[in-house]
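Reviewing the structure listed below.
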Amino acid sequence: MTEILIAADMEGISGVVHWDQVDPKHKEYDRFRKLMTADVNAAVRGAFEGGATAAVVADGHGSGRNILVEDLDPRARLNSGSPSPLGMVQGVDGGLDAAMFVGYHARVGSQNAILDHTWSSSTVAGVWLNGRPLGEIGWNAAVCGHFHLPVILLSGDQTACAEAVELLGAVETVAVKQARGRMAAECLPPQVAQEQIFEAARRAVRRLVAGDAPPPLRFEPPLALQVELVTSDMADRAAILPGVQRLEGKRIELVAGDAVTAYRSFRALVTLARP
Ligand SMILES: [Zn+2]
């Protein structure tokens, strides 16, 4: 049995270069949710071709209601909706073997990175876990690591791919676009991007089965989480959460016993801090 979690976000889907394209209130959104579904399907196909026996998909963007379930590969199951207990990697606690991140983006503050942010563009200016800068790739990989799952594939722009390799080691990556700024990129056509995602997913599962996957991302407890908010009133609100220490005007810290607790605390404090 080789069961794969496919965690999907939207900013790293080929063709996406602007917030309008990932915003359900905008008319361009319908095009890009179809492309997101197709990128996920390419990963599902590749995973099964490589030897996977089951695939669980987590829809991690915004409300978690982006992937078109009617168009999803029928071999997969879909975690949809928000909030769910484990957020962008909902399903990771189900005894799976490895995770793939499709459509991911670089952490807040990255250069040449389409729509770089960490959870909330308007709220979070930076995150560090035990001194290491962490974006959504790192957060979700740490939760996967808590359950002993390695991340074996990531698709997104070239900067997201580089962030994944730096953090996770020899993960399969697919750069579906070359970002030339925060809102400009040279994009592969979806057909080409999906072919590359399919091939990388097949390779990734074959490597997993052969014992050649990168190690899971693990953080040694205690986990010191520092968050820099965008404004000091956001830090005022985040500091209401029990256990939070105020370090400076916009910076707070808390200590957690494990990665899942740190992740839950982070989600809670961002919800409190949000304007
Ligand atoms: Zn997103």
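The values are calculated or read from the model by the stated rules, or taken from the named source; none is laboratory data. Remember, predicted model here, so these are calculated numbers, not experimental data. Using ideal geometry, Cβ is built from the backbone for each residue, glycine included, and neighbour counts are taken over all protein chains shown. Side chains included, ligands, DNA and RNA excluded: accessible areas come from the protein's heavy atoms. Shrake-Rupley method; radii C 1.70, N 1.55, O 1.52, S 1.80 Å.
Descriptive notes on the structure:
- Within the range 3-16, residues that are closer than 12 Å to residue 66 by Cα and within 15 Å of the ligand (Cβ to nearest atom) reach partners that are charged (D, E, K, R) and assigned to a strand (DSSP E or B) with beta carbons closer than 8 Å, at six or more positions or on different chains, in the pairs 8/59.
- Residues of the range 93-110 that are within 16 Å of the ligand (Cβ to nearest atom) and open to solvent by 10 Å² or more (accessible area, probe 1.4 Å): 107, 108, 110.
- Single residue of the range 158-195 satisfying the filter (within 24 Å of residue 50 (Cα to Cα) and of a type in the set (Asp, Glu)) that is surrounded by the fewest Cβ atoms within 10 Å (Cβ to Cβ): 195
- Set 125, 113, 42, 55: member being away from the ligand (no atom under 15 Å from the Cβ), touching a helix residue (DSSP H, G or I) at 6+ places or on another chain (Cβ under 7 Å) and touching a residue at least 60 places away in the same chain (Cβ under 8 Å): 42
- Every residue from the range 128-139 that is more than 20 Å from residue 179 (Cβ to Cβ) and within 15 Å of the ligand (Cβ to nearest atom): 139
- Exclusive hit being in contact with a strand residue (DSSP E or B) (Cβ under 9 Å, 6 or more places away or on another chain), among the basic types (Lys, Arg) and either away from the ligand (no atom under 16 Å from the Cβ) or open to solvent by less than 10 Å² (accessible area, probe 1.4 Å) (or both), set 77, 65: 77
- For residue 5, the conditions (1) within 15 Å of the chain's Cα centre (by Cα); (2) at pLDDT below 95; (3) not hydroxyl-bearing (Ser, Thr, Tyr) all hold with the exception of (2).
- For the range 17-40, a tally of residues being buried (at least 16 other Cβ atoms within 10 Å of the Cβ), out of contact with any strand residue (DSSP E or B) (no Cβ under 8 Å at 6 or more places or on another chain) and assigned to a loop (DSSP other than H, G, I, E, B) returns 1.
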